[in-house]
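Nothing in this text is a laboratory measurement; each read-out follows from the coordinates by a stated rule. Fair warning: this is a prediction, and the values are worked out from it, not measured in the lab. Heads up, the Cβs are rebuilt from the backbone with ideal geometry, glycines too, and the neighbour counts pull from every protein chain shown.
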Amino acid sequence: MKVKEAIFQWYQENGRHDLPWRQTSDAYKIYLSEIMLQQTQVKTVLERFYFPFLERFPTLQSVAEAPLDDVLKMWEGLGYYTRAKNLHHTAITCKGILPRSPEELGGLKGIGKSTAHAICAFAYHEPLPILDANVKRVLCRYFAISVKNEKVLWERAWELLHVKHPYAHNQAMMDIGAILCTPKNPHCNACPLSFTCKGKSAPENYPKPIKKAKVLTKKRFALVCEHEGKLGLIQRQEKLLHGLWGFMQVDEVPEGIFLGKVMHTYSHFKLELEVFKPFLHVKIKNYFTCKEIEKLALSTVDKKILKLLNLKK
Ligand code: SF4
């Protein structure tokens, strides 16, 4: 049996057919799942985010009509908030209706080539391969590629694609990467690619592991400013948490009362945040009651500060 047929067969018998984004041909729902799954595990997306988001925003049109703050609020806790901002931007740009061609889709903010192909393959069964992190790992091992190279990987993805069954093929490749061809201890015995896999004798060499840089710890200071029983918050401008509300942070130790410390780990660094109530007046435009804060989209680190303040009361 040819490898393409073996992958197809394996998917019929072992694929994760019950995932909700596999039971729809609605391009918006498929697009949403692809974006949510980019940096987040299936379990988390499934248990906490996919359904509540769709309940609040059942169509891309409803995303386009909502203020960004509402979209961010529904994204709260999922992290990588640029994804939510791009989704909102894209919804407005295409007036609530996604284009059908992969080229046009790929031109929209936050939709890369692989996501564009995934939307077209899953919603319209177009014969296009995808290349997410799991698929890249499978291809590197199957073709014994030691150094990841986008151009080479796309060529290999096209080579392996089952053009008659692009939907099942791509879903299978994602499942094989997630379930069988795992980063550590892959289950080659159960893998449909096993009989022609060039890398199965030493899968850990494909691709060659890159030494991870040491995670840096940044130390900063958060300012808790109160005015008439309200807390002063700013809307973040920096790339990582853009659009979310939170306590002002500074690099220098402020003069004030030390309230405690919170830690938070981001993908590339750890943040150690000492929380102060400053003695001097700090210029902050927006003050909110606790009830109002509940309605704002806050980052996890700012929620930790709120928890710290509640513990202090
Ligand atoms: S045979 Fe092993 S190394 Fe090769 S693709 Fe399958 S799980 Fe990965």
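At-a-glance table
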read-out	value
Selection of GluC sites (Glu not before Pro), region 218-313, meeting DSSP coil and at most 13 other Cβ within 10 Å	E228, E238, E252, E255
Burial ordering of C290, C181, C225, fewest other beta-carbon atoms within 10 Å first	C290, C225, C181
Neighbourhood charge, 13 Å Cβ-Cβ cut-off, centred on T265 and excluding it, Lys, Arg +1 and Asp, Glu -1	+2
Cβ-based exposure ranking for W75, W10, in which fewest neighbours within 10 Å come first	W10, W75
DSSP-assigned coil residues among chymotrypsin sites (Phe, Trp or Tyr not before Pro) in region 235-291, each with at most 14 further Cβ atoms within 10 Å	F279
Backbone HN-Hα couplings from phi across region 200-217 [Karplus 6.51/-1.76/1.60, Hz, Gly and Pro as x]	5, 6, 8, x, 5, 8, 10, x, 4, x, 9, 4, 6, 5, 5, 6, 7, 10
Computed FRET value (nearest 0.05) for K277 with Q39, which takes r as the C-beta separation and R₀ as 35 Å	0.55
Built amide H within the under 5 Å cut-off of L19, gap 5+	none
Measure of compaction for the chain (Cα Rg per 2.2 N^0.38 Å)	1.18
Amide H contacts under 5 Å for L244, placed H, 5+ residues apart	R236
Neighbour-count ranking [beta-carbon atoms within 10 angstrom, fewest first] of M36, M74, M173	M74, M36, M173
Partners for K73 among lysines (Cα-Cα distance below 19 Å; same-chain residues under 8 apart left out)	K29, K85, K239, K291, K295, K303, K304, K307
J(HN,Hα) series, region 97-111, from Karplus relation 6.51 cos²θ - 1.76 cosθ + 1.60, nearest Hz, glycine and proline x	10, 5, x, 9, 7, x, 5, 5, 4, x, x, 8, 4, x, 10
Radius 15 Å from Cβ of N185, net charge of other residues (Lys, Arg +1; Asp, Glu -1)	+3
Mean separation of Cα contacts under 8 Å (6+ apart) over length of the chain, as relative contact order %	17 percent
Gain in span if fully extended, E150 to I92, counting 0.36 nm per residue against the direct Cα distance	17.9 nm
Estimated FRET transfer efficiency when R0 is 25 angstrom, pair A190-E103 (beta carbons, to 0.05)	0.10
Nonlocal amide H pairs with L259, under 5 Å, H built at 1.01 Å	V275, F276, K277
Lysines with Cα under 18 Å of K208, excluding same-chain neighbours fewer than 8 positions away	K136, K148, K151, K184, K198, K200
3J(HN,Hα) from dihedral phi, region 28-45, Karplus parametrisation 6.51/-1.76/1.60, rounded to Hz, x for glycine, proline	5, 5, 5, 4, 4, 5, 4, 5, 4, 7, 4, 10, 10, 6, 3, 4, 5, 4
Pairwise label distance in nanometres, K219 with H268, each label 7 Å out on the Cα-Cβ vector	2.2 nm
Environment charge of C225, counting only residues whose C-beta is closer than 12 Å and scoring Lys/Arg +1, Asp/Glu -1	+2
